[in-house]
Amino acid sequence: MRATLVFPPLASPTYVPLGLQHLAAVTPPGTTLTVVDTNVLVWNRVASADPEEPARRAALRGASGAFYAPQGYGPIAAVRARTEEVLRRETAILRRRLAEGLDLSTFADRVLEDALASDPELLGISVLCLDQLPWALVIALASRRRLGARARIVLGGACIAALHPAELLAAVPALDAVVTGPGEEAWRQLCLEAPLDAVPGAWVRTPEGARQIPPSAASPLPAADPRVLPLDRYWNPEPV
């Protein structure tokens with residue numbers, strides 16, 4: 001089983017997705033897992049063209065305390081503001097194209113290439129905040145177009161608590177399931193190729209309409225595995 005976990009834009013470049021680390025830790029042996037934080041990838045990709053990017057990186061990776069010095073923090077704040085402006089502009093374009101039929105921009109298409117580089121049979125998209133939802137839906141829709149019916153595409157994450165899963169399934173046919181609540185056991189079962197109606201906490205389609213599979217009882221979890229993420233790419237002053 002080739003499985004990919006994706007964290008979409010647009011979140012803070014300082015945020016290291018804890019949920020993906022927990023899901024990676026419970027992934028069953030025999031699964032070829034790829035974890036892709038497309039959010040931090042696009043922040044760094046856009047920032048790489050900024051004239052103050054070398055100074056920003058030097059301030060973040062310099063001696064302890066350099067982050068708090070005015071000459072160090074100035075480039076960090078400036079590059080972040082300009083990069084965020086570009087990303088919000090691209091997100092606005094994405095929203096329009098999502099409504100008009102998913103003709104992806106070059107920028108969005110590159111995000112999709114990042115997400116699908118391993119040609120997954122199972123794609124899990126984890127959404128922390130509502131700003132990420134347009135990107136998550138585009139990744140789901142475009143991935144279905146690219147991968148076809150052979151792949152399972154599942155949406156989950158903390159943000160789902162603020163949404164109605166049945167409406168998501170109705171509006172986004174590309175999604176096979178929407179998982180609410182803790183997703184570790186659901187992810188493990190998906191990696192084991194369990195039927196969707198056996199995935200705890202998943203909202204799935206049935207002939208009678210969308211329904212939720214009862215969640216599993218809470219159980220101890222292994223420690224999160226931060227090694228699955230590119231820790232040196234996050235915009236934090238000390239190693240995460």
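What to note about this one:
- Scope segment 142-177; condition surrounded by fewer than 19 Cβ atoms within 10 Å (Cβ to Cβ), of a type outside the set (Gly, Ala, Ser) and under 20 Å from Asp109 (Cβ atoms); matching residues: Arg144, Arg145, Arg146, Leu147, Val172
- Here the condition is being closer than 20 Å to Ala11 by Cβ, part of a loop (DSSP other than H, G, I, E, B) and under 11 Å from the mean Cα position of the chain (by Cα); of Leu123, Leu133, Leu128, it holds for Leu128 alone.
- Enumeration of residues in segment 54-81 that are modelled with pLDDT of 90 or more and surrounded by 15 or more Cβ atoms within 10 Å (Cβ to Cβ): Ala78, Val79, Arg80
- Every residue from segment 198-223 that is assigned to a loop (DSSP other than H, G, I, E, B) and buried (at least 19 other Cβ atoms within 10 Å of the Cβ): Val199, Pro200, Gly201, Ile213
- Among residues of segment 187-240, those that are among the small types (Gly, Ala, Ser) and in contact with a Ser or Thr (Cβ under 7 Å, 6 or more places away or on another chain), counted: 1
- Residues satisfying the stated conditions in segment 89-115, i.e. at pLDDT 85 or above and either of a type in the set (Asp, Glu) or closer than 18 Å to Trp235 by Cα (or both): Glu90, Glu113, Asp114
- All of Arg145, Arg227 fail the test of being part of a helix (DSSP H, G or I), out of contact with any Cys (no Cβ under 6 Å at 6 or more places or on another chain) and closer than 30 Å to Pro75 by Cβ, apart from Arg227.
- Leading residue by the ranking (surrounded by the most Cβ atoms within 10 Å (Cβ to Cβ)) among those in segment 20-53 that are within 15 Å of Arg188 (Cβ to Cβ), touching an Asp or Glu at 6+ places or on another chain (Cβ under 9 Å) and of a type in the set (Gly, Ala, Ser): Ala24
- Filter result for Glu84 (touching a Phe, Trp or Tyr at 6+ places or on another chain (Cβ under 9 Å) and at pLDDT 90 or above): yes
- Test for Ile153: is it at pLDDT below 95 and not in a loop (DSSP other than H, G, I, E, B): no
The values are calculated or read from the model by the stated rules, or taken from the named source; none is laboratory data. Because the structure is predicted, anything quoted here is derived from the model rather than measured. When we count neighbours, we look across all protein chains shown, and the Cβ atoms used for this are built from the backbone with ideal geometry, even at glycine.
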